[in-house]
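Taking it in order: structure first as structure tokens, then the write-up.
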Amino acid sequence: MRIYTRGGDKGKTALIGGQRRYKDDLRIEAYGTVDEAGSFVGLAMSHLQPDTDRDIIDLLSAVQQTLWDVGADLAAAPGAKYTFRTAEDAAAGLEPSIDTYQEEAEKLTKFILRGGDKGAAFLHVACTVVRRAERRVVSLMQQEEVHEPALKYLNRLSDLLFVLARAVNARRAQKDVVYKNSTDVFREGPSGPTRAPRVGTGDASTAPEDNSLKND
């Protein structure tokens, strides 16, 4: 079987259901970015240690499988005869792992710089690519219907990848590097972690988008 079909030589590709669209269409951009995210997850896995990180590798392998489901759901044209694959509780299914791996690293109150161990650094990259995929899906949902559990999964997955990156650094005795101009932006409240108001303003809404500590 040939890998090439020549079907996309004029800049269009087919969605599930047969509808053809230009390759820079929002829907194609969305599932293409999900594919990119899965690739970076795989790259991060290749830099983890099978003897000490088998639990994380197995978890990320399951994540890659679900990202294929998310991508397929996004690739389905509206109205296509198609059964969505991303489970309604897919996002919730990540939450116990987020809670578990968050405990491996020190409590965090300030923004940090992404990096550290090579495996952790690639997990940070994967996290930011997942967030970009989420933004692409949000753009798409303003024009067409999307499968909501797919969007929720991406939102929760970026949190998981962030805490996994910190857990890997903790396992390697690599300390987080704090952003030197950061105020206390993250704190424990009675209902769990919350974002604190920015110092000097009394209003959290004026704080910049937090790319390290996301609680929404």
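Report, by residue number, each residue of region 65-78 that is at pLDDT 95 or above and over 14 Å from G32 (Cα atoms). Quick ask: steps written out before the conclusion?
Taking region 65-78 and keeping what is at pLDDT 95 or above, we get 65-76.
Once the filter is applied, which keeps residues that are at pLDDT 95 or above and over 14 Å from G32 (Cα atoms), region 65-78 yields Q65, T66.
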Report yes if some residue within region 90-111 is over 25 Å from A170 (Cβ atoms) and surrounded by 14 or more Cβ atoms within 10 Å (Cβ to Cβ); otherwise report no. yes
Pairs needed: first member in region 35-64, without any contact (Cβ under 8 Å) to a residue 12 or more places away in the chain; second member anywhere, surrounded by fewer than 21 Cβ atoms within 10 Å (Cβ to Cβ); C-beta distance under 7 Å; at least 6 residues apart or different chains. P50/I57
Filter region 41-71 for residues that are β-branched (V, I, T) and surrounded by 14 or more Cβ atoms within 10 Å (Cβ to Cβ); which is nearest to E148 (Cα to Cα)? V70
Within region 178-187, identify whether any single residue is modelled with pLDDT under 95 and crowded, with 21+ Cβ neighbours inside 10 Å, and answer yes or no. yes
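The values are calculated or read from the model by the stated rules, or taken from the named source; none is laboratory data. Given the structure is predicted, the values throughout are model-derived calculations rather than measurements. Cβ: placed from backbone, ideal geometry, glycine included. Neighbour counts: every protein chain shown.
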